[in-house]
1. Please verify whether residue A:235 is within 20 Å of residue A:132 (Cβ to Cβ) and surrounded by 14 or more Cβ atoms within 10 Å (Cβ to Cβ), treating the condition exactly as stated.
2. Has the stretch A:44-51 got any residue that is within 8 Å of chain B (Cβ to nearest Cβ), touching a residue at least 60 places away in the same chain (Cβ under 8 Å) and within 30 Å of residue B:39 (Cα to Cα)?
3. On the basis of being within 14 Å of chain B (Cβ to nearest Cβ) and either more than 30 Å from residue B:38 (Cα to Cα) or not in a helix (DSSP H, G or I) (or both), does residue A:15 make the cut?
4. Among the numbered criteria (1) over 18 Å from residue A:81 (Cβ atoms); (2) away from chain B (no Cβ under 14 Å), which single criterion is violated by residue A:157?
5. For the stretch B:50-62, check the following and say yes or no: at least one residue is farther than 30 Å from residue B:276 by Cα, at pLDDT 90 or above and part of a helix (DSSP H, G or I).
6. Out of the residues in the stretch B:95-123 meeting the condition of being crowded, with 18+ Cβ neighbours inside 10 Å and under 14 Å from the mean Cα position of the chain (by Cα), tell me which one is farthest from residue B:42 (Cα to Cα).
7. Could you tell me which numbered condition residue A:187 fails, if it satisfies all but one of (1) over 20 Å from residue A:83 (Cα atoms); (2) at pLDDT 85 or above; (3) within 14 Å of chain B (Cβ to nearest Cβ)?
8. Just to be sure I understand, how many residues within the stretch B:150-169 are farther than 14 Å from residue B:90 by Cα and crowded, with 16+ Cβ neighbours inside 10 Å?
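The values are calculated or read from the model by the stated rules, or taken from the named source; none is laboratory data. Note that the structure is predicted; figures quoted are calculated from it, not measured. Methodologically, a virtual Cβ is constructed for each residue, glycine included, from the backbone with ideal geometry; neighbour enumeration extends over all protein chains shown.
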């Protein structure tokens, strides 16, 4: 365990050092984040015109969902996208073999090797929006509520990571998976809105098949101070299931991996 | 006369080779078509929202057309037709010049292209057209599936309308292609062109009408948006295709104006940029 922590510190230290070289990029990242947030707020605002509410959620409650979505998007740009898009390059160039030879878990190495500074402001903005909106919605944070919220945010991040990793793993067979990740991104945009805003069929699809509901709506319920045992257990079950799936899938993929140069 | 014959031959050969090239990537392109599902997601949200206005209890939202369900003056049927049209229009107006150009410039493939007696932008244009031809069957299939899900919205536009909608989509693609070329050409001056492209994508997402028809925007925002090219690229052709009431002349005038502005600007900047361009490596 200590070895992994030490490795992680080295990984991120070097990533930080190399990225402070490109400061102008950060400005564009901030601009893009601002634009994205403004656009999302505007769209949710459109739904609230005429006082209909959105799937039974009030304006500040819907903003908690958006805050969590922004947080997840930030984690994707900070950790998931930079690392997992490199798996594809490594399969193509044959450098995956070097990773497999290292005396460390290959999934750990591939998932944490680097991080992008540009996504951090988005994580911050997401957390702020979530906290502010929860306060505006009148949530009273008790110890149990905070604990449930933290657990459910953890499960949401685990599910998101597993989905990304499974898709990135398919590059062992298909080499090019850029478009597959685009499909995932498009599907996850569904999480910008509470799942109850969708018609019945999509609601079921987003809960059972593609766990969009567990990514944003379920943690939002907990943040708003209405966590319930079924959702808590469901979320934890989903997270364990998806994480185990991603590991099993990676082991399976490795058995099919034939090195590029031979 | 000989020049025309030569041009026609070049165009034919380019289109044929690019089409063959794109066919190899048909699985990729099918996935890409699938990633354009956002308008259909928004369709289900907006229709559900329109139903809420009628029956606040929210029962039976998925079954059949409920009479009178409307939002901002748009009925359920109009919403469904609009978003399906927006999905189709989006599929045929996508441009990816920035990414192709950036890669070509980085890998040094641009230099030989500059030596050929053919403007490199033609090459990108033909590859876009070939990619759209490859995409056509997937888009038709997806649109068909979605019409099956909302059978009460099925429609067939009048032949005149269909023709106008196709023309508007072609012009809209030309505008979007030129906007992207303009951003790509900025690669000659800065390595941040792809960062600029991210901002462009965002503006396209929120202002073009992909996520909500402009009729639902507050009037001031709608007017401001109409001064940008984005609503004319998606919203206008989609409304035409959906058979909605609209001022077609104004839409075509706006598209023509943007073309008249962007085409000379792009070509001028291209010429200035190529003069600055110094190839990397040996």
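1. No.
2. The answer is yes, given that some residue of the stretch A:44-51 is within 8 Å of chain B (Cβ to nearest Cβ), touching a residue at least 60 places away in the same chain (Cβ under 8 Å) and within 30 Å of residue B:39 (Cα to Cα).
3. no
4. Residue A:157 satisfies every listed condition except (1).
5. No - not one qualifying residue is present in the stretch B:50-62.
6. So the residue we want is B:97.
7. (2)
8. 5
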